[in-house]
Each structure stands twice: as structure tokens, then as C-alpha cells.
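Report on the structure given below.
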Amino acid sequence: MKKSKGRGLSAKDLHDLPAVFRRASVQRLEAAEYLGKATADGFGFGLDAVYLGGYAVECALKALYFARTPMKGREKLYEKIAAGKSGHNLETLKGKLAGLGCKPPVEVALCFPKIAFWGTELRYQTRRILSAETRTFLSAVRTIADWAGRNH
């Protein structure tokens, strides 16, 4: 989704934002789970699975945020959260949703601490993440992404 020079997003783009981010979430989660399975099979892709899994949550929360935002406010929101560091902060996104009256149920809220170590800086790391830690992380990601998908 690109803005034209001197113009904002089209009405169709604004309308489609929740679906676009939801599809991105599903795709990132599928890739993360694939890499998570490879980690369980003895290959060292745990970090990669976690990295993509965090983006799955980010995109799921953004999809929900866009869905809960009236059309007239979506372009400004897009400019604010689609770029910049705060748009990658899962706690900030969760807080913004809570401000809209969209709070996760307890079983979903309990998943956020399990993914709290995620951040975009993981892209520069090379450490190994064990299979059990990867499974725990991806289970929490799946729970959060499923909840967000059901509520947008």
C-alpha cells in the first residue's frame, strides 16, 4: 500500500487496511510455525520463528486497531503506526486497543508476558532459541493472533 506523491491512501486502501494487516499476520504466523517445526526437528531456526511470530502479533493487533478505527481516522493512524518504532511496540499497540475499549480476555492477556522479549532488534541477533522456548512463544502468538482475528 503506497501513498501517491502529494496524495494520501485511496478510500479502497483505507477500507482494506484491516484485511491487509490480517493477511500479513496469518502469513507471518504460518512461516513462524513452519520454522518452529524445523526447530523441533533439530534445526536452529528458533530465533527466526520468534522474530516472524512477533510480527504476526504486531500485524494482528494493527488489523484490529484499524478495524476499530473509523474510516476518517485510518489514514492518520496508518501514518502513525505503519512507520516508526512505536508501531512495533506490542505493549503500546495493546494499550491503544484498550483505549478503544478492546481489552483481551484473561487467557489472552496472560500470553503477552510470554512474548515480551520480542522486538525488532532480534533481526540483528544470532543466538539460539531452544525448541521449548520457541513452542511456548509460538503458542502465545497463536492465541493472541486468533483472538485479534476473531475481534476485528
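Only the coordinates and a few stated rules stand behind these numbers; no lab work does. Everything numeric in this text was worked out from a predicted model, so none of it was measured. Positions of Cβ are generated from backbone atoms using ideal geometry, with glycine treated the same way; all protein chains shown enter the neighbour counts.
For the reader, a short list of remarks on this structure follows.
- Listed peptides 118-127, 104-113 appear in the order 104-113, 118-127 once ranked by packing, highest mean of other Cβ atoms within 10 Å at the front.
- Label corresponding to Rg and Dmax of the Cα atoms in Å when calculated from the structure given, among [x] 15.8, 51; [y] 16.1, 55; [z] 27.3, 84: [x]
- Within the straight-line cut-off of under 22 Å between alpha carbons, the lysines reachable from K12 are K2, K3, K62, K72, K76, K80, sequence neighbours fewer than 8 places apart in one chain being disregarded.
- Highest-fluctuation residue, K62, K85, K37 considered, GNM on the chain with Cα pairs under 10 Å: K85
- Among 138-147, 14-23, sorting by the average number of other beta carbon atoms lying within 10 angstrom of each residue, highest first, gives 138-147, 14-23.
- When peptides 45-57, 89-101 are sorted by average Cβ neighbour count within 10 Å, with the highest value leading, the order is 45-57, 89-101.
- Centre-to-centre, using Cα atoms only, the stretch 126-143 and the stretch 59-123 are separated by 20 Å.
- Assuming charge only on the beta carbon of Lys and Arg (+1) and of Asp and Glu (-1), the dipole of the chain about its Cα centre is about 680 debye to the nearest 20.
- Listed residue (L52, P113, S25) projecting farthest to the positive dipole end of the chain, Cβ model: S25
- Shape call, the stretch 78-131: gyration tensor on alpha carbons, a/c limit 1.5: oblate
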